[in-house]
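Read through the structure below, which is laid out as structure tokens, and then see the notes.
The values are calculated or read from the model by the stated rules, or taken from the named source; none is laboratory data. It should be emphasised that the depicted structure is a prediction, and the values quoted were computed from it without experimental measurement. Counting neighbours? That spans all protein chains shown, and the Cβs are built from the backbone with ideal geometry, glycine included. For the accessible areas, the whole protein counts, side chains as well, though only heavy atoms, and no ligand, DNA or RNA atoms are used. Shrake-Rupley method; radii C 1.70, N 1.55, O 1.52, S 1.80 Å.
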Amino acid sequence: MTKITGIGASSKRREDKRFLTGKGRYVDDMNRPGQAHVHFLRSDMAHGRIVSLDVSAAEAAPGVIKVFTAKDFEGVGGIPCGWLITDRHGQPMKEPKHPILAEGKVRHVGDPIVAVVAETRAQAKDAAELVELELEELPAAIDMRAAVAGGPQVHDEAPDNLCYDWDFPAESKDAVDEAIRNAHHVTVLELRNNRLVANPMEPRAALGEYDDADDMHTLWTTSQNPHVIRLLMGAFVLGLPEHKLRVVAPDVGGGFGSKIYHYAEEAFVTFAAKVVNRPVKWTSDRAEAFMSDAHGRDHVCKVELAMDAEGHFLALRSTTLANMGAYLSTFAPCIPTWLHGTLLAGNYKTPLIFTNVRAVFTNTVPVDAYRGAGRPEATYLIERVVDKAAREIGMDPAELRRRNFITQFPYQTPVAVEYDSGDYNATLDKVLQVADRAGFEARRAESAARGKLRGFGLAHYIEACGIAPSSLVGALGARAGLYEAATVRVNPTGSVSVFTGSHSHGQGHETTFAQVVADRLGIEEGAVDIVHGDTSKVPFGMGTYGSRSLAVGGSAIVKSVDKIVAKAKKIAAHLLEASEADIAFEDGKFSVSGTDRSVAWAEVCLAAYVPHNYPLDAIEPGLEETSFYDPANFTYPSGAYVCEVEVDPDTGKVQVMSFAAADDFGNVVNPMIVEGQVHGGLAQGIGQALMEGCVYDESGQLLTASYMDYAMPLARDLPSFTVDNSACTPCTHNPLGVKGCGEAGAIGSPPALVNAVLDALSPYGIAHLDMPLTPSKVWEAIDAARPAAAAE
Amino acid sequence: MPGISMTVNGKPVSGEVEGRTLLVQFLREDLGLTGTHVGCDTSQCGACTVLVNGESVKACTMLAATADGAQVRTIEGEAKGGAMSVVQAAFQEHHGLQCGFCTPGMVMSITDLLRVNAEPSEAQVREWLKGNICRCTGYHNIVKAALAAAAELRAQPVAAE
Ligand code: FES
Ligand code: FES
């Protein structure tokens with residue numbers, strides 16, 4: 001039966017009305033009295049030495065309040081990195097300083113050099129053109145392979161541009177080498193995971209304000225995690241104590257990872273607001289976003305999969321170059337290591353796995369997590385090599401997967417993590433059914449009759465979400481814990497306000513979290529309000545990324561609700577003159593078991609705040625609880641995706657004909673929202689596979705810095721999707737049994753699509769193509785293969 | 001600075017703008033109508049879509065001075081007496097929005113589509129939206145909302161204007 005309220009119901013989103021009527025409050029919608037504007041003069045060179053810098057003309061320009069350069073930030077910290085990787089020699093990674101404004105050198109196109117604060121944005125921009133800047137161009141490290149082979153040095157302290165050289169698990173290396181040497185068959189694949197830009201539709205913005213009356217700083221910023229920004233910026237950059245710094249992330253227009261990090265512009269407006277004693281606002285334009293938002297992916301890999309004669313996987317070995325860009329962004333070092341290496345088992349019981357990852361500095365924008373972060377890279381590598389292996393040994397790709405699936409849980413992988421639950425055969429069966437695999441050959445023939453090549457592509461994925469157990473990530477180099485916090489405040493008349501450290505920037509937490517609380521308390525969803533995004537209101541929280549909000553943030557809420565119920569039972573026992581052990585709480589009512597005596601939720605709440613008849617000697621008045629939930633393990637969502645494409649051999653154009661997803665997210669609180677998350681992830685993954693890609697030329701110019709050059713998927717590029725969540729196995733270690741759904745679509749879809757295109761191109765014997773599969777790339781491959789195909 | 005006046009959401013407004021001021025800046029900064037968004041600087045994302053004299057226009061491609069004398073409708077004018085328009089309501093019903101940033105532009109664009117084509121096919125909706133980018137929804141539910149709104153509008157008795 002379809003539920004209409006609480007957990008499992010597709011409740012309509014309460015946040016929608018404000019967004020649909022133009023009443024959303026995004027950072028750029030805010031204006032403070034006396035506000036000034038900043039414009040950043042950014043490097044148009046990938047690598048250069050600042051020879052001279054004269055800002056006097058800019059200072060004299062109309063409306064200019066102050067012009068800032070690196071000199072103004074002497075004594076101020078650089079932008080910190082939140083994760084320390086220890087390399088294979090036991091050495092800490094190289095961690096060069098990331099200044100707020102360039103100090104002596106610029107290291108990527110977009111690196112900010114000068115900041116002009118003026119009365120209006122236009123005046124700040126106009127004045128920036130008057131800055132006299134002489135840059136001496138230096139050779140740039142752009143291609144990673146060249147950068148690590150004696151290319152130009154991005155940072156003096158990082159020889160060969162190596163940030164770290166990491167082996168994992170180091171002790172498996174010899175055994176893996178030997179298994180590969182002796183295997184019956186080894187499939188080898190070299191591939192690239194293309195560099196992407198997250199591109200939330202709301203560009204970043206930051207507004208700083210300083211109140212000298214009480215020495216209070218406020219930063220409004222487009223962030224997925226305001227407390228993390230407060231901690232990083234306050235403690236490590238500006239030296240501001242937390243109680244004098246408030247960070248607010250109001251409505252935020254999408255993030256996909258790119259709004260996790262602490263950015264220089266946030267520190268700048270906070271700092272400058274005090275210096276000029278005016279609120280200072282910055283809003284990125286799109287071109288600026290392309291050259292200052294952290295980019296994603298950008299791995300170059302080689303993978304080898306060893307099999308026995310029956311197609312059982314024996315060992316997997318990969319080597320990866322991972323681009324860090326010019327500076328280390330907040331989470332950057334952990335993406336190709338702990339969020340990538342630990343997922344290399346995929347859905348398979350490969351007994352031996354080894355990877356080497358070298359992280360490389362280049363003269364490009366910093367690279368960090370983008371939807372999936374490390375897990376899409378791992379999934380792509382595995383699912384491509386498995387598909388290639390199936391083709392090489394002449395086995396059905398679905399059968400080869402089945403043969404190697406993990407089927408017993410919990411399952412300890414050879415790459416450190418333990419999967420708690422899953423049923424990979426069930427998601428595979430489901431996806432083959434909803435994608436109508438049985439009807440594929442008929443569809444292929446129909447396409448062929450129209451001169452088109454049809455392909456069927458399958459991919460599985462596993463991801464580690466619900467990030468993350470603090471003691472584990474601490475041991476792996478994280479400089480923070482990854483719990484989540486929640487305060488549940490019951491109001492005197494029984495309505496509930498929830499203060500969560502999670503942050504919603506499209507995920508619909510205001511609806512979903514209310515469903516959870518209402519369900520557990522047996523009250524109306526409308527009686528529950530969710531507050532998030534303001535460090536002056538919510539307890540210290542770690543924010544939203546890594547599909548963690550419901551699994552970790554939701555669990556913190558549940559913990560608080562459970563404490564509330566426990567206390568309320570005591571109050572009810574007093575009111576009912578019964579023993580606490582006999583009190584049952586159900587459907588918003590406390591009753592004495594085995595009797596018809598009961599007291600309603602609202603009466604107990606009122607008694608807690610008007611404690612006239614109340615056990616004051618035993619319990620305090622009030623009904624409010626705060627909890628910090630630190631997960632026992634990651635969660636492991638998994639699923640199977642099928643993509644069907646048509647390739648036009650005359651133009652190379654790939655059309656996605658259908659896309660079906662069968663996901664296991666554990667229990668689902670709001671199916672409508674979960675399906676929406678999958679849709680969005682699929683679009684981003686299809687975008688990566690088909691059209692998106694960041695291009696730098698040899699000199700380090702970013703050629704794709706607008707929507708004219710960076711292809712964003714449009715409605716006409718995509719089909720409607722078929723999404724199924726029915727093959728679900730609950731998470732075993734959090735109270736809701738949930739796993740997280742935000743990233744899955746972007747993780748599983750690129751290999752499914754590429755596998756489909758290569759299936760379509762199989763008559764031409766094309767074994768691999770790198771993403772994005774643009775018409776020109778596909779056509780060139782077909783054209784090069786034509787003579788061979790014709791000769792057969 | 002030239003003085004301009006226009007009708008926005010049925011109300012007469014006027015102001016003084018620089019020649020280079022865009023309509024979207026005038027709406028957001030001078031009139032405080034921040035429901036119209038700016039998502040790009042190359043006229044591609046459609047977050048700024050409004051109706052000018054009944055037709056959808058990207059407010060970042062039009063100078064405020066060019067809209068002098070025009071009838072402008074923004075997202076703030078779509079709900080009447082607290083009730084959302086058919087298109088707005090369909091977006092909520094079918095989960096056609098997530099972060100909400102592209103949403104005002106999407107609603108205005110689809111409102112215009114349904115004016116020119118009362119019975120669009122899915123392919124026509126997808127083609128019409130070539131000037132509106134959404135990064136959150138994968139368009140699936142936006143298309144669904146548009147088709148549902150079209151059906152709903154067709155089923156309504158023609159209102160006397
Ligand atoms: S802001 Fe007008 S099209 Fe993007
Ligand atoms: S809902 Fe976020 S961009 Fe469309």
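Only one residue in A:Gly522, A:Gly526, A:Gly541 is closer than 21 Å to A:Lys739 by Cβ and either assigned by TED's automatic domain parsing to the domain that holds A:Lys589 or touching an Asp or Glu at 6+ places or on another chain (Cβ under 8 Å) (or both), so which one is that?
The unique qualifying residue is A:Gly541.
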**Item:** Subset tally (residues that are of a type outside the set (S, T, N, Q), more than 7 Å from every other protein chain (Cβ to nearest Cβ) and within 14 Å of ligand 2 (Cβ to nearest atom)) for the stretch B:38-53
**Value:** 3
**Item:** Members of the stretch A:693-718 found to be touching a strand residue (DSSP E or B) at 6+ places or on another chain (Cβ under 7 Å) and not in a loop (DSSP other than H, G, I, E, B), listed by number
**Value:** A:Tyr696, A:Leu702
**Request:** Working only within the stretch B:112-155, note down all residues that are within 12 Å of another protein chain (Cβ to nearest Cβ), more than 16 Å from ligand 1 (Cβ to nearest atom) and basic (Lys, Arg).
**Result:** B:Arg126, B:Lys144
**Message:** Here is a check on your reading of the model: is A:Ala141 among the small types (Gly, Ala, Ser), open to solvent by less than 30 Å² (accessible area, probe 1.4 Å) and not in a loop (DSSP other than H, G, I, E, B)?
**Reply:** no
**Asked** If you take the residues in the stretch A:534-558 that are of a type in the set (D, E, K, R) and in contact (Cβ under 8 Å) with a residue 60 or more places away in the chain, which one is farthest from A:Thr5 (Cα to Cα)?
**Response** A:Asp534
**Item:** Single unsatisfied condition, A:Val531 versus (1) without any contact (Cβ under 8 Å) to a residue 60 or more places away in the chain; (2) out of contact with any Lys or Arg (no Cβ under 6 Å at 6 or more places or on another chain)
**Value:** (2)
**Residues being open to solvent by 50 Å² or more (accessible area, probe 1.4 Å), within 14 Å of chain A (Cβ to nearest Cβ) and in contact (Cβ under 8 Å) with a residue 60 or more places away in the chain - total across the stretch B:62-80** = 2
**Request:** Kindly check whether there is at least one residue in the stretch A:469-489 that is part of a loop (DSSP other than H, G, I, E, B), buried (at least 19 other Cβ atoms within 10 Å of the Cβ) and of a type in the set (Asp, Glu).
**Result:** no
**Prompt:** In this structure, is A:Asp251 open to solvent by 40 Å² or more (accessible area, probe 1.4 Å) and under 21 Å from A:Pro279 (Cβ atoms)?
**Reply:** no
**Prompt:** So B:Gly131 fits all but one of (1) open to solvent by 10 Å² or more (accessible area, probe 1.4 Å); (2) within 25 Å of A:Glu692 (Cβ to Cβ); (3) without any contact (Cβ under 8 Å) to a residue 60 or more places away in the chain; what number is the exception?
**Reply:** (3)
**Request:** Could you check how many residues of the stretch B:121-161 are within 13 Å of B:Val86 (Cα to Cα), in a loop (DSSP other than H, G, I, E, B) and in contact with a Gly (Cβ under 8 Å, 6 or more places away or on another chain)?
**Result:** 0
**Request:** Test A:Glu383 against the criterion of being assigned by TED's automatic domain parsing to the domain that holds A:Gly680 and within 20 Å of A:Gly341 (Cβ to Cβ), and give yes or no.
**Result:** yes
**Message:** Please count how many residues of the stretch A:673-711 are of a type outside the set (S, T, N, Q) and surrounded by fewer than 18 Cβ atoms within 10 Å (Cβ to Cβ).
**Reply:** 7
**Fill in**
Listed by first then second residue, the pairs whose first member lies in the stretch B:98-115 and is at positive phi and in contact (Cβ under 8 Å) with a residue 40 or more places away in the chain, whose partner is within 13 Å of ligand 2 (Cβ to nearest atom) and of a type in the set (A, V, I, L, M, F, W, C), with beta carbons under 8 Å and at least 6 positions apart or on separate chains, are none
**Complete:** Of the residues in the stretch B:51-61 that are within 16 Å of ligand 1 (Cβ to nearest atom) and among the small types (Gly, Ala, Ser), the one that is least open to solvent (accessible area, probe 1.4 Å) is B:Ala59
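Determine whether the stretch A:661-670 contains at least one residue that is assigned by TED's automatic domain parsing to the domain that holds A:Tyr419, within 16 Å of ligand 2 (Cβ to nearest atom) and either open to solvent by 20 Å² or more (accessible area, probe 1.4 Å) or not in a helix (DSSP H, G or I) (or both).
No, the stretch A:661-670 contains no residue that is assigned by TED's automatic domain parsing to the domain that holds A:Tyr419, within 16 Å of ligand 2 (Cβ to nearest atom) and either open to solvent by 20 Å² or more (accessible area, probe 1.4 Å) or not in a helix (DSSP H, G or I) (or both).
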**Fill in**
Selection over the stretch B:16-39 where residues are in a loop (DSSP other than H, G, I, E, B) and open to solvent by less than 10 Å² (accessible area, probe 1.4 Å) yields a count of 5
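So is A:Leu682 of a type in the set (A, V, I, L, M) and either more than 25 Å from the chain's Cα centre (by Cα) or within 16 Å of ligand 1 (Cβ to nearest atom) (or both) or not? Reasoning before the result, please.
On the way: of a type in the set (A, V, I, L, M): yes; either more than 25 Å from the chain's Cα centre (by Cα) or within 16 Å of ligand 1 (Cβ to nearest atom) (or both): no.
Against the criterion (of a type in the set (A, V, I, L, M) and either more than 25 Å from the chain's Cα centre (by Cα) or within 16 Å of ligand 1 (Cβ to nearest atom) (or both)), A:Leu682 does not qualify.
Which ones in the stretch A:732-752 are open to solvent by 10 Å² or more (accessible area, probe 1.4 Å) and either within 14 Å of chain B (Cβ to nearest Cβ) or among the hydrophobic types (A, V, I, L, M, F, W, C) (or both)?
Passing the criteria: A:Leu736, A:Cys741, A:Gly742, A:Glu743.
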**Item:** Odd one out for A:Leu240, checked against (1) within 16 Å of ligand 2 (Cβ to nearest atom); (2) touching a strand residue (DSSP E or B) at 6+ places or on another chain (Cβ under 9 Å)
**Value:** (1)
**Asked** So which pairs qualify, if the first residue must be in the stretch A:202-216 and within 13 Å of another protein chain (Cβ to nearest Cβ), the second must be in a strand (DSSP E or B), the Cβ gap must be under 6 Å, and the two must be at least 6 apart or on different chains?
**Response** A:Glu202/A:Tyr26; A:Ala205/A:Thr283
